[in-house]
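*Asks:* Below you'll find the structure I mean.
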Amino acid sequence: MTAPANLRPLALLAALALLSACASGRDLGEMRPELGDFRLSHNITVDANAQQGPLSRPAEPGAWKQAIEAEVARRLGRYEGDRLYHVAVHVDAYILALPGIPVVASPRSALIISVNLWDDALGRPLNDRARQFTVLESLSGESVVGSGLTQSAEQQMTNLARNAALMIENWLAENPHWFDPDLDTPPPSARAVGDGA
């Protein structure tokens with residue numbers, strides 16, 4: 001018997017929270033030339049229906065919205081193209097690692113989001129279906145034994161939001177035809193948009 005669809009993100013988070021984290025998103029790095037004419041307009045995150053995973057601290061109402069919007073603005077707001085785009089993020093589920101868990105079973109914080117990119121001039125999203133990302137916290141001296149032991153919930157959320165913004169930037173860079181009118185044919189990676197992460 002398969003798990004109900006609304007429980008699958010939580011099951012995935014529970015498994016992934018014990019794995020190693022993705023690369024750090026603390027430094028913005030070089031701007032991506034693939035983003036061409038991109039300029040961030042609306043930057044919207046909805047977190048009202050986010051599912052709290054097992055062994056997780058609760059998130060304050062609106063806290064994910066604040067954290068993700070701040071990091072998306074920090075990373076994508078530096079692009080100064082001539083065409084406006086809107087980034088819409090839905091927080092599906094999360095785990096904010098609890099303090100006091102033994103090191104041998106110390107979970108890592110994790111986040112699942114779904115993202116749509118809207119072209120302002122066209123008035124529609126450019127991806128056929130929301131692109132889902134599973135985001136893990138970055139490894140650091142504070143999180144190597146589990147961030148629940150060393151970080152506040154706000155620090156954990158900032159870590160995840162930074163990594164989420166980096167993953168969104170990388171996804172946009174994988175689809176340069178969205179930002180360059182001279183590229184009429186989508187690259188192969190674009191045809192798989194919406195297949196999930």
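*Asks:* Kindly indicate whether residue 39 is modelled with pLDDT of 85 or more, basic (Lys, Arg) and within 18 Å of residue 117 (Cβ to Cβ). If you could, list the steps in order and put the result at the bottom.
*Replies:* Numbers: modelled with pLDDT of 85 or more: yes; basic (Lys, Arg): yes; within 18 Å of residue 117 (Cβ to Cβ): yes.
Spelling it out, residue 39 is indeed modelled with pLDDT of 85 or more, basic (Lys, Arg) and within 18 Å of residue 117 (Cβ to Cβ).
*Asks:* Inside the stretch 77-92, can you point out the residues that are in contact with a helix residue (DSSP H, G or I) (Cβ under 7 Å, 6 or more places away or on another chain) and buried (at least 22 other Cβ atoms within 10 Å of the Cβ)?
*Replies:* Answer for the stretch 77-92, where residues must be in contact with a helix residue (DSSP H, G or I) (Cβ under 7 Å, 6 or more places away or on another chain) and buried (at least 22 other Cβ atoms within 10 Å of the Cβ): 87, 89, 91, 92.
*Asks:* How many residues does the stretch 146-197 contain that are under 19 Å from residue 107 (Cβ atoms), at pLDDT below 75, in a helix (DSSP H, G or I) and among the small types (Gly, Ala, Ser)?
*Replies:* 2
*Asks:* Mind checking which residues of the stretch 1-36 are at pLDDT 60 or above, among the small types (Gly, Ala, Ser) and in contact with an Asp or Glu (Cβ under 6 Å, 6 or more places away or on another chain)?
*Replies:* Result: 36, single match.
The values are calculated or read from the model by the stated rules, or taken from the named source; none is laboratory data. A quick note: this is a predicted structure, and the numbers were derived from the prediction, not measured. Every residue, glycine among them, receives a Cβ derived from its backbone with ideal geometry; neighbour counts consider all protein chains shown.
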